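In what follows, a structure is listed as structure tokens, so that the remarks can point back to it.
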Amino acid sequence: MSETISAGLSAREIVEKVLENEGKGVSFSRLTLADCLHAFRERYVLERPEEETEAAQFGGFVHELAERSIMEEIDPSRFADAIAEKYPLVPGYRIGEAVYMARNALARVEKRFEVEVEKTFVRELLEIDGHVVRMNGRVDRLEMNPFDPKVVDLKTGVYFNPARTHQLPLYFWGLGLDEGTGVLHFLRFDEWAETPIDRGRIEAALEWARKQVKRIYDAALKNEWPAAECEHCKYCGFRDTCPIEGKRCPRSLKEATRLASEAFQMKERVSELEMLLRAYVEATGAPVPIEAEGGEGKVYDFSPSNEYEFDVARVLDFCIENGLPLAEVLSINYRGVKKHLSRGLDAVVKVKPSTPRFGVKSKFSRNGKG
């Protein structure tokens, strides 16, 4: 393995840190984040914590309520206030909502069979260049029906088809189960979404997981961590360093609102900067070169210009009488008027100086070379 350095770590050290992970290996969420290697590096190589949000804490709150109510077989309202103290971003008015969702989880437990809550596993996934990479997981609930074992994952977000995710097949593999039923329980509206799990789906999920590991491994070798648009973008906590942030269409009203606020703030700031530049240009009489990327040959300028008052019909008549090409007649505009003033068009056009305009211009626009 090469010793490419990233964040002060060699490629070998990165692999040991983020893939071997002291024998614990990788989780499903860690592998999913590798869809965007930039975010993966921020989170697991640089260990930048993602910003705590109300949504994330609310999800943790509901899971803890559900876990305890199932284990102790008591209503979650009896201990909700005490647990809520651990989640300061969750407003008080949402405690009732969390209790309702935890009750939905409790009501769906199949009591005829053995039930295990928060069951964990660690299992070897693959070996790559001498590095043994394991996978770990925490299963919200396992119901051991001998004919149809169920792996249940609790969700506090919006519904999606359980056949779309590799999470449930990987949990079956991690628990040593070859077949059964995977369930996503969407607690907000008590939606119970089942999907059959068999060996074929498990093998497909393992293939995906191993590809993700190799993707991370190759990124560490090359020290290349490109950003990519993916499902994680909607909730990403690393937008401040993302090279593609602001270059894609918003995916939600919340994201669009945030962009609108940023645009408004930027517009105000641009106005402030232009006022300062205008003061400089007025004081010195010199345009200001633009040295930013893509600004070659451009300046911020502040110079007088002219405005033209004319009657469109009279101008068109003049152009026809003087044999101007039809295309020019049909497209006559302010620029066309200025171009033909020397040909006598000033007889039907009134020229008056306007307020000096400030903006980006070619460096050579004043001598006709722009």
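The phi torsions of region 156-172, fed into the Karplus equation with coefficients 6.51, -1.76 and 1.60 and a -60° offset, translate into couplings of 9, x, 7, 5, 8, 5, x, 6, 7, 10, 8, 4, 5, x, 5, 5, 4 Hz, rounded to whole numbers, with Gly and Pro shown as x.
You can think of it this way: the chain between SER27 and GLU194 has 57.9 nm of extra reach, that is 0.36 nm per residue less the Cα-Cα gap.
Restricting region 98-180 to chymotrypsin sites (Phe, Trp or Tyr not before Pro) that sit in a DSSP loop and have at most 13 other Cβ atoms within 10 Å of their own Cβ leaves PHE147, TYR159, PHE160. For LYS86, list the aspartates and glutamates whose Cα falls under 14 Å from its own Cα; do not include residues on the same chain fewer than 8 positions away. In chain and number order, the partners are GLU52, GLU54, GLU64. The slack in the chain from GLU255 to LEU277, taken as 0.36 nm per residue of separation less the alpha-carbon distance, amounts to 4.7 nm. Residues in region 84-96 carry Karplus couplings, in order, of 4, 5, 7, 10, x, 7, 7, x, x, 5, 8, 4, x Hz; the curve used is 6.51 cos²θ - 1.76 cosθ + 1.60 with θ = phi - 60°, and Gly or Pro positions show x. The listed peptides 51-61, 133-143, ordered by packing as a protection proxy, come out as 133-143, 51-61 (highest mean of other Cβ atoms within 10 Å first). Over 26 Å apart at the Cα level, from the set LYS17/LYS254; LYS24/LYS254; LYS111/LYS155, are LYS17/LYS254; LYS24/LYS254. For region 173-260, relative contact order (Cα pairs under 8 Å, six or more residues apart, normalised by length) works out to 16 percent. Taking R0 as 41 Å, what's the FRET efficiency between GLU207 and VAL288 from their Cβ-Cβ distance, rounded to 0.05? The computed FRET efficiency comes out at 0.10.
Where a number appears in this text, it was derived from the coordinates with a stated rule and is not lab data. Bear in mind the structure is a predicted one, so any value in this text is a computation, not a measurement. Virtual Cβ from ideal backbone geometry, glycine too; neighbours counted across all protein chains shown.
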